[in-house]
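Participant: One structure coming up, written as structure tokens, with questions to follow.
The values are calculated or read from the model by the stated rules, or taken from the named source; none is laboratory data. None of the values given here were measured: they were computed from a predicted structure. Using ideal geometry, Cβ is built from the backbone for each residue, glycine included, and neighbour counts are taken over all protein chains shown. Ligands, DNA and RNA are stripped out before the accessible areas are found, and what is left, the full protein with its side chains, is counted by its heavy atoms. Shrake-Rupley method; radii C 1.70, N 1.55, O 1.52, S 1.80 Å.
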Amino acid sequence: CLWCSTNKTCVDYPVRSFLPPASLCSLSRARWGVCWMNFEALIIAIAVVVGLLLVSAAALCCYCCYCRRCAKSSSPDEDEERLARKREERRLQALQRKRERTLQHNEIRKKYGLLQDSDNPYSRFENE
């Protein structure tokens, strides 16, 4: 039932449209369901409630994502230990690469006689 307070008539609510047409009754003068509930105020109240629900749902999602990120991140001590382990691994890898380079360079020096080696009968001739 749609009660129009301007002409004091109760008409069937036009279910084909969400809002009653202005030709039937103005929105500010229309009452829905009970005589004291203003249709315009009802729409505003529903919009406010839906808006609050959406904002609170978004805030809840952001809060949950933030808490998960905080829970995933470890304590500073664990972070320092993890960084120290990585630093040590990188240092060991660098030493290994340095040893390999030194061996490679020594082989090249042997090849060209720049490294004194007892196994090699040939030696570099130098004028003294």
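Participant: Ignoring ligands, DNA and RNA, how do R101, R87 rank by accessible area with a 1.4 Å probe, largest first?
Facilitator: R87, R101
Participant: For S5, what charge total do you get from the other residues with a beta carbon under 14 Å from its beta carbon, if Lys and Arg give +1 and Asp and Glu give -1?
Facilitator: In short, +2.
Participant: All other residues with a Cβ under 15 Å from the Cβ of W32 taken together, and with Lys, Arg as +1 and Asp, Glu as -1, what is their net charge?
Facilitator: Residues close to W32 contribute a combined charge of 0.
Participant: Would you list L52, L83 from the most to the least accessible area, probe 1.4 Å?
Facilitator: Descending accessible area places them as L52, L83.
Participant: What accessible surface, in Å², does a 1.4 Å probe find on S5, ignoring ligands, DNA and RNA and rounding to the nearest 10?
Facilitator: Surface accessible to solvent at S5 totals approximately 20 Å².
Participant: For E40, what accessible surface area do you get with a 1.4 Å probe? Give it in Å², rounded to 10.
Facilitator: Roll a 1.4 Å probe over it and E40 shows about 70 Å².
Participant: Hey, if we sort D77, D12 by accessible area with the 1.4 Å probe, largest down, what's the order?
Facilitator: Reading off the accessible areas and sorting them downward yields D12, D77.
Participant: Grab the other residues whose beta carbon is less than 14 angstrom from that of Q96, score K and R as +1, D and E as -1, and report the net.
Facilitator: Net charge in that neighbourhood comes out at +3.
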